[in-house]
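In what follows, a single structure is set out as structure tokens and then discussed.
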Amino acid sequence: MDFDFNAFTHCLRIAFLPDGYENERIESVRRFCLRYGVKNVMLFVNNEENFVGHMTEEEAAPVVAVLKKAKRVLNRAGVSVSLNPWCEWGHLDFGRRLKDGQNFTAMADFNGKECEVVACPLCENWRAYYAGFTRYLLSEIRPEIHWIEDSFRLHNHEPLEYGGCFCEKHMRLYNGRPGTNYTREEFAARVFAKGAPTPERLRWIDVSRETMNDAGKFVGETIAAALPGVRVGLMSSTPQSHCIEGRDWAAVMNNLCRGGGAGKDKPLINRIHLPAYQEICPKRYYYNFNRVSMAVRAFLPDETMIYPEIENLSFCTYAKDSRFLRFQIESALPLLASGMTYDIFDFCGNGAVEGLGYGPEIRGTTRYMQAVLDLGLRFSSMKGVVVPIDERASRNLVSRGGAWTDLSPKDFDSAAYLSALGVTYRFDRGKAFRDETVVLFEDAVDNFTDGQTAELFAGNYVYLNGRTAQRLIERGLGRLIGAESAVLHGAHDGFQAYERVAEGTAVGGIRGCKANAQWCAGDWFEIRYGDKRQLTERSGVYGWDGRYVGAGFASSKKGGSAGFAVNPYTFAGLDVDGYRTTHDQYHPLRRAAVTDILRSSCKKETIVTDYCGLHPYLFENGRYFVLILVNATLNALKKTELSVWNVRYGEVLRIGKDGGVKAAPHARDGETLKLNFTIGCLSAAVLLLEKADR
């Protein structure tokens, strides 16, 4: 039973165990698949609660017998089967130990702590074991797809400190080319030193990149040799962490999915992580979707087939209701998914649990998701404000605190912010742009050389935040925004208290509108500009006593394609993703400033919604501009107004939840498109704007 890559495929990820109830469990999954349109089952091996360390063939034999039975039953029911061994070199120890004869080199952290089970991917003994065990599994089960776990990484391997391998094998590589002889402690101190990237940090990241490329080649060739026709998919995690390991996305995908490049016709397949193990605030979930899931998609080759994963933990409706699960399916549309992966029933091997109510929601999305897939969109066709990204960003970061966490890039957060404001954006890995509106937040400007930065400002409109302005000044490039200094004032320092619009202006009918400039606005940079006559100061920042203390939003007055605007805050908050600590950046005062700036600067196709939390994504194919609107709010939006800039369109159609296409009730008023239908809470709408010049 082959996997159908042309159909939107729901994939259920589940374990079957020889526990005396396996026939019941297999039957429950068969019924679930037939009832709810699930066409692929991903069979776990050696996972979570059933993890035995690096499993031997003898330990696997009873499990394999059950999986082969499950495969026969599922194939007869028209369901294809994939294989998902949970352990490459290992997720984490979980208190397990290596077995006799498994003399593996363990992963070690920068403090010298070693794992008990997790092996270093350079270890020859582990590689010999892995090759043999993989041949055994594939020859016995013969799946359609072999999935590589997201343990294929150099971070998040408890009980280690988060990030990188510092075992003796790696230390020899770190010391090899420069001719040094650092101890682990000496080398780590230089890797994580404050300030500009050190040679040791660059060496560490580059060796990590080579390690992952080499490991991908070994694993991909091993699988291809064991079962030549099998396809391979990679499960990836957060792009921030993969940047720290210097991941070469194209090479890793090619090595894994195409056997080191030999299987050129095999598809590239990736399971992108959807960042919500539990049901959380939908706005927060979707903020992270844009800075995690969409960023991973941007790093992957354009032709990659995407099967995002919905993972629940724990496995009960208190953790996640079925309605939220449906929201995760529909809201994955901007990834241009070819299917979905469901890790929604526990790892213990209890089979499909219908009482959780997930099945009807899965079935109810199939025609809708298929209709969007059939449009043949490519991720590279996205339109909107440019958010530059770089997979090697961690090599460029200036460390502020001297810890590995300082090497986690914040480049992707600006996309999350723009999208939440209702602005279409596109990630772009390029370095040269022309007549674009480009957003650079935090340290993203450090991914550009001085020459590239000057060219960027000369030919584009650049929107930056306070941290970016500081980096320009530190690099001697403050002239690009006419700035002489930038002094950081913490959100809790008591220096600034509120921001107020410029005299004579109003926001939402409120003259002299004010917004918080402390607590949840983020830390503020007091930026001193040289000639303020060249600037429009859209707002000012004031102390608690009403004293003016510095500029708020400021933008250049010069016309043409080039120009800039500065939002003088940093979005890097105390929270893990900056979401909680920057809520006030969504205040109407700031949203009005951003949309006004974009309206005057955008020369390319851009759409802005009228409601924070209504996220727009604009794509293009031969006949249409395709607009995906994701409502991450708890309000049903009965009437929506869209600002449509530089998009020439005629007829407006809508894809219904049944997959059919019909006219979308609407009205047009200049650049405003008024939608006269309801976009339900926690749902997505897909519009087809027929190109006017066809």
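Rule-based calculations on the coordinates, nothing more; no lab input. This structure is a prediction, so every number in the text was calculated from the model and none was measured. Please note: Cβ atoms are built from the backbone with ideal geometry, for glycine as well, and neighbour counts cover all protein chains shown.
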**Report entry** Within straight-line cross-link reach of Lys113, lysines at Cα separation under 26 Å, skipping those fewer than 8 residues along the same chain
**Finding:** Lys99, Lys169, Lys194
Query raised in the report: Which helices pass in the chain if a helix is a full DSSP H run, must span at least 30 angstrom along its long axis by Cα, and must have mean Kyte-Doolittle hydropathy not below -0.5?
Result: 199-226
Report task. State whether the range 112-252 is rounded, prolate or oblate according to the following rule on the C-alpha gyration tensor (a ≥ b ≥ c being the square roots of its eigenvalues): a/c under 1.5 gives rounded; otherwise a/b larger than b/c gives prolate, and the remaining case gives oblate. Result -> prolate
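Which shape class applies to the chain: rounded if a/c is under 1.5, otherwise prolate when a/b exceeds b/c and oblate if not, where a ≥ b ≥ c are the square roots of the Cα gyration tensor eigenvalues?
Oblate is the answer for the chain, as a/c is 1.5 or above yet b/c matches or exceeds a/b.
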Report summary line: Site Thr672, offset 7 angstrom along Cα→Cβ, radius 20 Å on amide nitrogen, limited to the range 405-427, gives 421-424
Report summary line: Computed over the range 222-368, the relative contact order (Cα-Cα under 8 Å, seq sep at least six) in percent reads 21 percent
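How high is the FRET efficiency from Asn75 to Asp302, r the C-beta distance, R0 35 Å, rounded to 0.05?
0.60
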**Report entry** Mean separation of Cα contacts under 8 Å, 6 or more apart, over the residue count of the range 1-157: relative contact order %
**Finding:** 26 percent
**Report entry** Dipole moment magnitude, nearest 20 debye, the chain about Cα centre, only Lys, Arg, Asp, Glu C-beta charged
**Finding:** 1940 debye
Query raised in the report: Points 7 angstrom from Cα along the Cβ direction at Asp428 and Asp450: gap in nanometres?
Result: 2.5 nm
Report task. Can you check how the C-alpha radius of gyration of the range 607-691 compares to 2.2 N^0.38 Å, as a plain ratio? Result -> 1.00
Requested in this report: Determine, from the Cβ-Cβ distance of Tyr611 and Asp265 and an R0 of 45 Å, the FRET efficiency 1/(1 + (r/R0)^6), rounded to the nearest 0.05.
Outcome: 0.50
**Report entry** 30 Å Cα-Cα threshold exceeded, pairs from Lys68/Lys266; Lys431/Lys639; Lys410/Lys638
**Finding:** Lys431/Lys639; Lys410/Lys638
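Can you tell me the relative contact order of the chain? Whole percent, Cα pairs under 8 Å, sequence separation 6 or more.
RCO, the chain: 11 percent.
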**Report entry** Dipole magnitude of the range 252-301, debye to nearest 20 (Cβ charges: Lys/Arg +1, Asp/Glu -1, about Cα centre)
**Finding:** 80 debye
Report summary line: Per the helix-only model, the chain has a calculated mean residue ellipticity at 222 nm (DSSP H runs of ≥4, -39500 (n - 2.57) each, divided over all residues, rounded to the nearest 500) of -8500 deg cm²/dmol
Query raised in the report: Within the chain, which is the longest segment containing none of the GluC sites (Glu not before Pro) that sit in a DSSP loop and have at most 15 other Cβ atoms within 10 Å?
Result: 1-302
Report summary line: Summing +1 per Lys or Arg and -1 per Asp or Glu among the other residues with Cβ less than 14 Å from Asn40's Cβ gives +1
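Per 0.36 nm of contour for each residue apart, how much would the distance between Ala61 and Glu354 grow if the chain were fully extended, relative to their Cα-Cα spacing?
Separation in residues times 0.36 nm, less the Cα-Cα distance, equals 102.5 nm.
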Report task. Using a cut-off of 14 Å between beta-carbons, work out the net charge of the residues near Ala593 (Lys and Arg +1, Asp and Glu -1, Ala593 not included). Result -> +2
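Report the full-extension gain for the segment Ala196 to Asp693: residue separation times 0.36 nm, less the Cα-Cα distance, to one decimal in nm. Display every interim value, and only then the final one.
Details: separation 497, 0.36 × 497 = 178.92 nm, distance 5.01 nm.
Gain in length upon complete extension: 173.9 nm.
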